[in-house]
């Protein structure tokens, strides 16, 4: 997975790379967590990708702003699931570092459409 958002691919494609990483990590969960926590993490990343696909299809500034606002709860849910997994000892911080960096970059990208631009 890329360390930074690459300008040659869309933010949605970055989300797909993040999704691939989430799916890879969930395969490492202990057997007793494979259904509950795996399901929650995979559902969360699916929501992130769905929100970003809508975001990527926005045709004007108002839609971009609205779709950015809708992305944030999906992002927050995924980050919460990741933090819970880490606090339960299922993942080490270094295992999640690249994933969290990519998610935070996607969030920063979406935030640029929420904040009014200064001229």
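The values are calculated or read from the model by the stated rules, or taken from the named source; none is laboratory data. Since this is a predicted model, take the numbers as computed values, not measurements. So basically every Cβ, Gly included, is an ideal-geometry build from the backbone, and we count neighbours across all protein chains shown.
Key figures for this structure:
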| read-out | value |
| --- | --- |
| Residues of the stretch 49-66 satisfying the condition of being part of a helix (DSSP H, G or I), under 17 Å from residue 13 (Cβ atoms) and without any contact (Cβ under 8 Å) to a residue 40 or more places away in the chain | 49, 50, 51, 54 |
| Residue 45 vs. criteria under 23 Å from residue 97 (Cβ atoms) and at pLDDT below 80 | no |
| Meets criteria (assigned to a helix (DSSP H, G or I) and either touching a strand residue (DSSP E or B) at 6+ places or on another chain (Cβ under 7 Å) or modelled with pLDDT of 90 or more (or both)) for residue 23 | yes |
| Residues of the stretch 48-71 satisfying the condition of being in contact with a helix residue (DSSP H, G or I) (Cβ under 6 Å, 6 or more places away or on another chain) and either within 14 Å of residue 111 (Cα to Cα) or at pLDDT 80 or above (or both) | 48, 49, 51, 52, 55, 56, 67, 68, 70, 71 |
| Answer from 41, 37, 70, 29 - the residue that is under 12 Å from the mean Cα position of the chain (by Cα) and either in a helix (DSSP H, G or I) or surrounded by 16 or more Cβ atoms within 10 Å (Cβ to Cβ) (or both) | 41 |
